[in-house]
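The values are calculated or read from the model by the stated rules, or taken from the named source; none is laboratory data. Note that this is a predicted model, so its numbers are computed, not measured. Note that we place each Cβ from the backbone using ideal geometry, even for glycine, and neighbour counts take in every protein chain shown. Side chains are part of the model used for accessible areas, which takes the heavy atoms of the whole protein and leaves out ligands, DNA and RNA. Shrake-Rupley method; radii C 1.70, N 1.55, O 1.52, S 1.80 Å.
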Amino acid sequence: MRPCRVNDAVRAREDARKAAQPFPTVGELPRKLITEAKQTASRSWLGEVSAVVLQQSLRDAEKAYRNFVASLKGTREGARIGPPRFKSRKDVRQSIRFTANGRWSIIDSGRLNLPKIGAVKVKWPRTLPTTPRTTSETQSPGLTWWFTLRLRTR
């Protein structure tokens, strides 16, 4: 799922760069790569996935391109970096990220309720001091999912 969106965003940027045209804007990419793609037969499965996850993958690609361009201009600190690369279809690692507005929640039974996925049983190592702002889910090669919650504490 994620490599598809990232690869489409990287391809759109690379095509614009090769044609010496301005990059697609942040507003154009979701419309082209998510909204219009859902209408095609080959990408109709995108409707089964939470839109927040798809938009987050486009934001990740956008951030990678901003860092690349800033590196070329010399405004980014650190070593120069290359352009974003296409994600491999052979890479079995999967990950998704839901932001605070992604309508995910922790329900009373201690399960994590994710949009278009449902309630997921979680082993909590300790109680949470505050409400999480973001959650990231990563699948390990052993088909185990790892959840990372980002909290804001003072």
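Just a few scattered comments:
- Cα centroid separation - region 129-154 against region 72-124, whole Å: 9 Å
- If R0 is taken as 25 Å, the Cβ-Cβ distance between residue 88 and residue 21 corresponds to a FRET efficiency of 0.35.
- With semi-axes defined as the square roots of five times the eigenvalues of the C-alpha gyration tensor, the equivalent ellipsoid of region 18-118 measures 30, 19, 14 Å, largest first.
- All aspartates and glutamates inside 18 Å of residue 116 as judged from Cα atoms, apart from same-chain residues fewer than 8 positions distant: 48, 137
- Note on residue 87: accessible area approximately 100 square angstrom, rounded to 10, probe 1.4 Å, nucleic acids and ligands left out.
- The aspartates and glutamates within cross-link reach of residue 90, meaning a Cα-to-Cα straight distance under 14 Å and a gap of 8 or more places when in the same chain, come to none at all.
- Straightening the chain between residue 116 and residue 60 buys 18.0 nm, computed as 0.36 nm per residue apart minus the Cα-Cα spacing.
- Potential lengthening of the chain between residue 101 and residue 126 amounts to 6.6 nm, from the contour at 0.36 nm per residue minus the alpha-carbon distance.
- Summed over qualifying helices (DSSP H, 4 residues or more, each -39500 (n - 2.57)) and divided by its residue number, the chain shows a 222 nm mean residue ellipticity of -9000 deg cm²/dmol.
- Subtracting the Cα-Cα distance of residue 148 and residue 109 from 0.36 nm times their residue separation leaves 12.2 nm of extension gain.
- Spatially proximal lysines relative to residue 73 (Cα-Cα < 24 Å; intrachain offsets below 8 disregarded): 18, 63
- Seen from every direction in turn and averaged, the convex hull around the alpha carbons of region 13-68 projects onto 4.2 nm².
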